[in-house]
Amino acid sequence: MRITKFGHACVRVQGDGGVVVLDPGVFTDPVALEGADAVLITHEHADHVHPHHLRDSDVPIWTIAAVERLLREQAPEVAERVTVVRPGDRLEVAGTAVEVVGEKHAVIHPDYDRFDNSGYVLESGGASVFHPGDALTPPGRTVDVLLAPVSAPWLKVSEAIDFVREVAAPRSLAIHDRVYSDVGLDMVASHMANLLPEGQAFERREPGQDL
């Protein structure tokens, strides 16, 4: 499995059967979608789904009902390529086994309505990777790589660290990182290095770099 970090929350996963792109949002270079066989989208926020990127590609999309509704309104020609998934679903996408995990976005503020959000566990060639979207819902199983959110209006560093500890993947790759400056991201990496137990590694990559 080849894992490539793109802008903010977008990650490209190349497995044995093809290429799956997760959450190509507004901060993502559209090059992330070149040659993709499938797209998975966790929720409806613009930093995770950008209809313009999807219009420029004919790749099939798997996502939750809330995103399908958004695309019906903003890009109906894209919505025709959407398959709606639900929490607990198990499917095969571009030759990669996918499990749908969780159903609610993390709380930004109690006065806001909760958004729907589902993460995805992808497994190919004996390796597994988990993208939680904007939530701290664990996958309920062991995974080899956690795509770990590190900066958001709904997240503080102690919560990010505890989530990485809870999932307990041998390797965690920082995602959802556009909110912080380089100084802030260095602080997160320092805290992770200090506080993660032995056997858990935390890593950052620039857009376009492989894990």
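The values are calculated or read from the model by the stated rules, or taken from the named source; none is laboratory data. A quick note: this is a predicted structure, and the numbers were derived from the prediction, not measured. Cβ coordinates were reconstructed from backbone atoms using ideal geometry, including for glycine residues, and neighbour counts include every protein chain displayed. Only protein heavy atoms, including side chains, enter the accessible area calculation; ligands, DNA and RNA are left aside. Shrake-Rupley method; radii C 1.70, N 1.55, O 1.52, S 1.80 Å.
A few comments on the model shown:
- Applying a length cut-off of 18 Å (Cα extent along the axis) and a mean Kyte-Doolittle floor of 0.0 to the DSSP H helices of the chain leaves 182-195.
- Coil-residue chymotrypsin sites (Phe, Trp or Tyr not before Pro) of the range 85-127, DSSP, other Cβ within 10 Å capped at 13: Tyr112
- Principal axis extents of the C-alpha atoms in the range 159-211 (largest first, rounded to whole Å): 26, 22, 15.
- Per residue, the solvent-accessible area of the chain (1.4 Å probe, heavy atoms of protein chains only, all protein chains present) comes to 45 Å².
- Gain on full stretching of the segment that runs from Glu73 to Ala193 - 0.36 nm per residue minus C-alpha separation: 38.8 nm
- Rounded Å value of the spacing that divides the Cα centres of the range 67-128 and the range 1-48: 13
- Residue-averaged 222 nm ellipticity for the chain, from DSSP H runs of 4+ at -39500 (n - 2.57), nearest 500: -6000 deg cm²/dmol
- Prolate/oblate/rounded call for the range 48-92, Cα gyration tensor, a/c under 1.5 rounded: prolate
- Sites listed here are chymotrypsin sites (Phe, Trp or Tyr not before Pro) in the range 121-185 whose DSSP assignment is loop and whose Cβ has at most 12 other Cβ atoms within 10 Å, and the list is empty.
- Part-to-part distance (alpha-carbon centres) for the range 156-177 and the range 186-211, which is given in Å: 9
- Dividing the mean sequence gap of close Cα pairs (under 8 Å, 6+ apart) by how many residues the chain holds gives a relative contact order of 18 percent.
- Heavy-atom accessible surface of the chain: percent carbon and sulfur, 1.4 Å: 47
- The local environment of Asp144, defined by Cβ-Cβ distances under 10 Å, has a net charge of 0 under the rule Lys, Arg +1 and Asp, Glu -1.
- Under 5 Å between amide hydrogens, built in the peptide plane, is the criterion, and for Ala135 it picks out Ala106 among residues at least 5 positions away or on other chains.
- Cα-based shape type of the range 1-109, given that a ≥ b ≥ c are square roots of the gyration tensor eigenvalues and the cut on a/c is 1.5: rounded
- Among Leu195, Leu147, Leu155, residue whose mean-square fluctuation peaks in a GNM of the chain (springs only between Cα atoms under 10 Å): Leu195
- Shape category assigned to the range 68-191 from the gyration tensor of Cα positions, a/c cut at 1.5: oblate
- Over the chain, volume per residue of the alpha carbon convex hull, in Å³: 107
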